[in-house]
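Single-structure report; data block below.
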Ligand SMILES: [Zn+2]
């Protein structure tokens, strides 16, 4: 459950902005007036069940017309030479554009601006549609618009950080129904607000992602941004800031998690645009910018289409100029002997397929084989590689560094230059389910399953919910789960049919403890912990910052424990405290009012799990785990970063665990994991240290204070009659990027309930 202070009421927008509840009628009206050129599709539903609309403006919006256009785009991807030849022969292809509006809740102007753009375009002679095909996600975050959440969607997730993880239905909808389907040559993601009176339009600062063919994008990125800026200035006398021209770094397109940077992987000239204010000016600016981008696309149609085909061709022919080293094949092992987590591996394959990447299976081994000689070569590498160290390249990084499914999710992968000859490959359209096994023992026998896989926690909770006693081994050798009783075996059978777990008879170890479910309240800067724990069947309630900032009163007596944290110090000291803000309250940081209430209530909780910079700040405030302070220099560095967006590091790091301790059960002694904002802690006189950063802990990514991490404590706790206090220098569920460390959080919850 997510606590909601809006009481189901729609947030009132400025007088000319369309309410989400009015949007369908408005769109239907447009479609009725211009049936020949407008198609309204429902792409899916938001977290709270609101429709996601895709508006298509084209010369032919019939089913046949759309199918024909989709086929053209698929040819451009799979056989770019054919389209290049067509272009040479003067074929009149229509250039695809994609506009995305209102991804962040109160950044509303894109929706209104694009409605204006649509109406102006259709009221004119519509000549543009003879040369362009335009798809518009008119309100990408309906829950946020409806509720007045400034950044988040209805599930407390930031959609503009979700394009690699793809955990939210809103993200998946535009990937499938707009980006991969139409492969836009130009896209603009409409945000706001700079509140400085200026507009901001990317081209970004370096470093650029080494997996994109940046030399093919750069010229158009810059000229298209300038074309939009010029159009805005001409009509509105408002200036635009283009980061590449004014800043050295800190506004880079290195991280592939954003809407626009994700689109660049498809050879797309993709921008984020931040308009000025949530008012009539902000709206007009967006309409003008969209028209400016369209005009640029029409003027440069042939060169843009050619450039994108060359982008794909480089991938297919292996003539890439992108600096990253790419193997000929990635192989994801399939058998239980060679793959430590077949379910997360299958999840990654599903994502590759969603992105239009071709995946094959080896007939004998069942391994997934991904040849990199494909149009989307850079995206393949940027999803499956081990990253690189870019610390020396820049002083500031806006968000996380590289993406890596194997490290973040925790599955095995191989790189190779050639395959066994004779290995027959078959292309797949779906990732096959990696089913588990159930071996039946006698009626009175104990059955056991590993705790080293994420699905095991789900099964443990399922059994607990059915009234079955579940025990967990304790000690260095065994942290597995145990249960008895044949009444539940039907349920277990059903579970393992869909999850890769092996369940079978085993003797109960000497030392065990009984699992108890706990009722937790979560306050955090990302929905990660909430989504993971609720997905796994824990009893959790998420309290968003927006509700706390609006005056929500916490009742500690309703819960067993408080889970609180965040990877940035600034969620604890909102630099915009003085700012009025837009919406019911900021949802991305705690303001004075929310902070005061949290501290008051936290004192009454007996059990607390605190993580990251913000969790550490609360620990210091309450003095729960003595002396366990975050590294001072690391923290000063965070505090000195006046810009709210910066973090101190992200990427792959080595952690060492005391696997004999219940908090670390199911992990290996040393794990390579993906961390954002790692915070080295100090030892305490009243708590145990059960996890440390490894020696030379930092591997790849961006980390300016890496020497401060080495060997330092990262997991501490004390457990006594008065309660359990757990402190982590990491966020093990960060934005649901990091399946490999989720179980630290579930272990912590079980530890609280341990007697
Ligand atoms: Zn935004």
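See the values below:
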read-out: Selected residue (only one of 123, 173 is more than 20 Å from residue 253 (Cβ to Cβ) and free of Cβ contacts under 8 Å to residues at least 12 places away in the same chain); value: 123
read-out: Tally, over segment 380-409, of residues that are in a helix (DSSP H, G or I) and modelled with pLDDT of 95 or more; value: 10
read-out: Flag for residue 180 being outside any loop (DSSP other than H, G, I, E, B) and away from the ligand (no atom under 16 Å from the Cβ); value: yes
read-out: Residue count for segment 489-530, restricted to those that are without any contact (Cβ under 8 Å) to a residue 12 or more places away in the chain and touching a helix residue (DSSP H, G or I) at 6+ places or on another chain (Cβ under 6 Å); value: 0
read-out: Scope segment 673-704; condition within 29 Å of the chain's Cα centre (by Cα), surrounded by fewer than 20 Cβ atoms within 10 Å (Cβ to Cβ) and part of a loop (DSSP other than H, G, I, E, B); matching residues; value: 704
read-out: Residue within segment 81-96 that is under 30 Å from residue 47 (Cα atoms), away from the ligand (no atom under 16 Å from the Cβ) and not in a loop (DSSP other than H, G, I, E, B) present; value: yes
read-out: Segment 266-290 residues that are modelled with pLDDT of 95 or more, paired with ones that are away from the ligand (no atom under 15 Å from the Cβ) and part of a loop (DSSP other than H, G, I, E, B) (beta carbon under 6 Å, 6 or more apart); value: 266/183; 268/184
read-out: Residue 435 vs. criteria closer than 30 Å to residue 735 by Cα, surrounded by fewer than 22 Cβ atoms within 10 Å (Cβ to Cβ) and in contact with a helix residue (DSSP H, G or I) (Cβ under 9 Å, 6 or more places away or on another chain); value: yes
read-out: Filtered residue count, segment 156-168, keeping only those that are under 22 Å from residue 545 (Cα atoms), modelled with pLDDT of 95 or more and either more than 16 Å from the ligand (Cβ to nearest atom) or part of a loop (DSSP other than H, G, I, E, B) (or both); value: 3
read-out: All positions within segment 256-297 that are part of a loop (DSSP other than H, G, I, E, B), within 15 Å of the ligand (Cβ to nearest atom) and closer than 16 Å to residue 212 by Cβ; value: 257, 258
read-out: Test: residue in segment 317-336 that is touching a strand residue (DSSP E or B) at 6+ places or on another chain (Cβ under 7 Å), within 16 Å of the ligand (Cβ to nearest atom) and under 26 Å from residue 399 (Cβ atoms); value: no
read-out: Subset of segment 231-243 that is outside any loop (DSSP other than H, G, I, E, B), in contact with a helix residue (DSSP H, G or I) (Cβ under 7 Å, 6 or more places away or on another chain) and closer than 26 Å to residue 96 by Cα - its residue that is farthest from the ligand (Cβ to nearest atom); value: 235
read-out: Unique match (being at negative phi and within 15 Å of the ligand (Cβ to nearest atom)) among 107, 119; value: 107
read-out: Condition check for residue 559: buried (at least 17 other Cβ atoms within 10 Å of the Cβ) and closer than 21 Å to residue 467 by Cα; value: yes
read-out: Residue check, residue 324 in contact with a helix residue (DSSP H, G or I) (Cβ under 8 Å, 6 or more places away or on another chain) and surrounded by fewer than 19 Cβ atoms within 10 Å (Cβ to Cβ); value: yes
read-out: Given (1) buried (at least 24 other Cβ atoms within 10 Å of the Cβ); (2) modelled with pLDDT under 95, number of the condition residue 248 does not satisfy; value: (1)
read-out: Complete set of residues in segment 189-208 that are away from the ligand (no atom under 12 Å from the Cβ), part of a strand (DSSP E or B) and farther than 18 Å from residue 239 by Cα; value: 205
read-out: Count of segment 39-65 residues which are part of a helix (DSSP H, G or I) and buried (at least 19 other Cβ atoms within 10 Å of the Cβ); value: 0
read-out: Restricting segment 123-155 to residues that are assigned to a loop (DSSP other than H, G, I, E, B) and within 14 Å of the ligand (Cβ to nearest atom), the residue that is surrounded by the most Cβ atoms within 10 Å (Cβ to Cβ); value: 141
read-out: Residue within segment 417-433 that is within 26 Å of residue 538 (Cβ to Cβ) and at pLDDT below 95 present; value: yes
read-out: Criterion: within 30 Å of residue 129 (Cβ to Cβ), out of contact with any strand residue (DSSP E or B) (no Cβ under 7 Å at 6 or more places or on another chain) and outside any strand (DSSP E or B) - qualifying residue of 306, 343; value: 306
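The values are calculated or read from the model by the stated rules, or taken from the named source; none is laboratory data. Given the structure is predicted, the values throughout are model-derived calculations rather than measurements. Cβ coordinates were reconstructed from backbone atoms using ideal geometry, including for glycine residues, and neighbour counts include every protein chain displayed.
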